[in-house]
Amino acid sequence: MNKSVWRWMMSACLLFGSMAPAALAAEETPAIEKLGEQESATMVPLRQAVESIGAYVKWNSEDKTAKVTYGELVWTVRLNEDRSDVNGQELKLAAKAEFGTEAQGALVVPWDSVKKGLQLNAKWVNDSVVPDASDWKTRASQFVVQWGKLAAQPQAEAQLQKLITPDLREATKQMSLSSNTKLLTGMFGLPTQFENAAMQDNGVHQNVSILFKTDKGQLLPLELRYNDQGLVDELFFSAVGSGGYQAPAYDNASAYKEENIVIGEGQFKLPGTLTVPANGESAFPVVVLVHGSGQNDRDESIGAGKMFRDMAVGLAEQGIATIRYEKRTREYPFQATAMPKFTVKEETLDDALEAVKWAGQDERLNKERVYVLGHSQGGMLVPRMLAQDSAKSIRGGIIAAGPSGPLEDLILTQMEGQLKRAKEAGQPEQVTAQIEAQVNMWNQQLQVIKNEKYTADNYPQDLQLAMASWWFDFRNNYGGEIAKDQKIPLFIIQGDNDVQVGKEHLDGWKEALKNRKDVEFKLYPKLNHIFVPSDKPSTGEEYVVPGNVPLDVVNDVAKWVKSH
């Protein structure tokens, strides 16, 4: 696997610490009002037209019908007839469907009928479907079809350049769209049938979440992020599944108010949520919630859990506001990791401090009482946040399941644990061999990462180390060593049923900070890595079971904040 693919894989799964054990107008496109003048024909080849936007066509040679499936729409067209039906409802064609001659005998139908049958707002220009600016669904499905073709025709990437933003174009010089396509379609198959789409404006992007069925029979979920000019600014694939979340019993909707906010400005501004208590005096203390590793959303959705949302609604009832936001590598997966010197500073630290800065300018929040709560990798980075906080805006830090030692060592421990559990469970030899190969490969990479003579600009190139700048910046990170001489109070919490960051890491923090008097520690029985109770030893499989952060954890965090 070449380095660019490795680089994309690591940006898609960044990294292992928090992973669960899974008005749109195109630039340079003629104005839609002018396109009507360019339409060359009213009869169009059915298959060519509809497959270009992700519809699936099935021809029945016995009854001479073509069945076109486009999401929930099923349009049946009959040869030599001017009648058709859409989901059982009759649709009269403007002319009979027939076999054309110029299109090598393809079934041709009136373009106007295609639009009605599939509910399109588009033109037929130069043998192509050109969606109107308002038809975001057709634009998105057409883009995915074109993206899928890059697997076999990488040279076709030039055709997509006019549909993406300058920032994304620049990023694709480092990580091509075609390498991204080859990786995903190699795993899931080529997108062949549009299933559904939904659009949401998050204040930064208009996100179209789109689902395609592939030629392997699998489902491929993608998210296209459009800017306000209608150009694709990012393409996101979620490697870690989530769903099934249930709100906690302490979620009292009357106790809080939420609003969308934007953290930062410029190329990497991020959409976020401010949660403030509905009652009480203003100038609330505020906690900024900082994600663990991986392409996390603002709720830190992992499986059926949403740790940050639970914390936000629970703290609001205690009179404490929170800020949570989309992680940069989720909102900008291509652009962020295509940076020449991408490190944890760009991934996490800069945005966390932008959120702290945002908190300091809102009159509803007390700028003298701004705290950060980091989970997992975000937790181990709290001391670095405090060191980088030149304005001294952070009043205190909360470290939740934060590794006390280097992340690269933790990854090896996680892999070895996974291998051990696979063998104990009697997994097939092929499965254990694959895990063992991953362990061996990571051990080889560790020999370079740990070697102080190597840097991001000088290491064995045949190793193909993904995100070298990130690793050489973050290697041998001991949060306690950074924090031992700091003066900002800390509250360090840990679950004792954490398969990803074991409870021994709490002991590591205790040892490193034993001479400080302003640090508190607490270990919670049964809680796993996402701070959800589990009676069985955690393996990560239990993440798919709905569960919530217990109220006593929320109360302890609230009590600590109020005491400082």
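Scanning residues 5 or more positions from Gly203 or on other chains, none has an amide H under 5 Å from its amide H, with H placed 1.01 Å from N in the peptide plane. Across region 268-273, computed HN-Hα scalar couplings (Karplus, 6.51 cos²θ - 1.76 cosθ + 1.60, θ = phi - 60°) run 10, 5, 10, x, x, 10 Hz from first to last residue, x flagging Gly and Pro. Backbone phi angles across region 185-200, fed through the Karplus curve with coefficients 6.51, -1.76 and 1.60 (θ = phi - 60°), yield HN-Hα couplings of 6, x, 7, 10, x, 7, x, 10, 9, 5, 9, 6, 8, 9, 10, 9 Hz in residue order; Gly and Pro are listed as x. On a C-alpha basis, how far is the centre of region 449-494 from the centre of region 205-278 in Å? Whole number, if you could? Each part's Cα centre sits 30 Å from the other's.
Answer rounded, prolate or oblate for region 425-564, using the Cα gyration tensor with square roots of eigenvalues a ≥ b ≥ c: rounded when a/c is under 1.5, else prolate when a/b is larger than b/c, else oblate. Don't jump to the answer; show the numbers that get you there.
Values: a/c = 2.82, a/b = 1.26, b/c = 2.23.
Oblate, because a/c is 1.5 or more while a/b does not exceed b/c.
For region 38-129, the Kirkwood radius over C-alpha pairs fed into Stokes-Einstein at 10 °C and 1.306 mPa s yields D = 123 µm² per second.
With charges set only on the Cβ (+1 for Lys and Arg, -1 for Asp and Glu), what does the dipole of the chain come to about its Cα centre, in debye to the nearest 20?
Computed about the Cα centre, the dipole is about 720 debye.
The fewest-to-most ranking of Arg83, Arg298 by surrounding Cβ atoms within 10 Å reads Arg83, Arg298.
Close amide H contacts of Gln464 (hydrogens built in the peptide plane, cut-off under 5 Å, sequence separation of 5 or more or a different chain): none are found.
Going by average Cβ density within 10 Å per residue, which order do the peptides 361-370, 69-78 take, highest to lowest?
Working: 361-370: 15.7, 69-78: 18.5.
Highest mean packing first, the order is 69-78, 361-370.
With N as its number of residues, region 409-463 has a Cα radius of gyration that, divided by 2.2 N^0.38 Å, comes to 1.38.
Count neighbours as other Cβ atoms within 10 Å of each site's Cβ, and list the GluC sites (Glu not before Pro) in region 430-527 that are DSSP loop with at most 14 such neighbours. Mind dumping the intermediate values first?
Working: sites: Glu436, Glu452, Glu481, Glu504, Glu511, Glu520; in loops: Glu452.
Listed in order of number, the matching sites are Glu452.
The alpha carbon radius of gyration of the chain, expressed as a multiple of 2.2 N^0.38 Å, is 1.08.
Over the residues of the chain, the helix contribution to mean residue ellipticity at 222 nm works out to -9000 deg cm²/dmol, using -39500 (n - 2.57) for each DSSP H run of at least 4.
Listed by chain and number, the lysines placed with their C-alpha closer than 24 angstrom to that of Lys116 are Lys34, Lys58, Lys64, Lys67, Lys92, Lys96, Lys137, Lys213; residues fewer than eight positions away on the same chain are left out. Each Lys or Arg adds one and each Asp or Glu takes one away; over the other residues whose Cβ falls under 13 Å from the Cβ of Leu523, this sums to -3. Computed from backbone phi, the HN-Hα couplings of region 82-87 come to 9, 10, 8, 9, 10, 6 Hz, rounded to whole numbers (Karplus: 6.51 cos²θ - 1.76 cosθ + 1.60, θ = phi - 60°; Gly and Pro given as x).
Which value, in debye to the nearest 20, describes the size of the charge dipole of region 133-236 about its Cα centre when Lys and Arg Cβ atoms bear +1, Asp and Glu Cβ atoms bear -1, and nothing else is charged?
Details: 10 positive and 11 negative charges, 75 e Å.
Here the size comes out at about 360 debye.
For region 133-236, compute the orientation-averaged projected area of the C-alpha convex hull (one quarter of its surface), in nm².
Working: hull surface 24.4 nm².
Convex hull of Cα atoms, orientation-averaged projection: 6.1 nm².
Between the amide H of Ile398 and those of Val372, Leu373, Gly374, Phe491, distances stay under 5 Å, these residues lying 5 or more places away or on another chain, with hydrogens modeled in the peptide plane.
No lab work stands behind these numbers, since they all come straight from the coordinates. Just so you know, these numbers come straight off a predicted model, no measurement behind them. Here the Cβ is made from the backbone with ideal geometry for all residues, glycine too, and neighbour counts use every protein chain on show.
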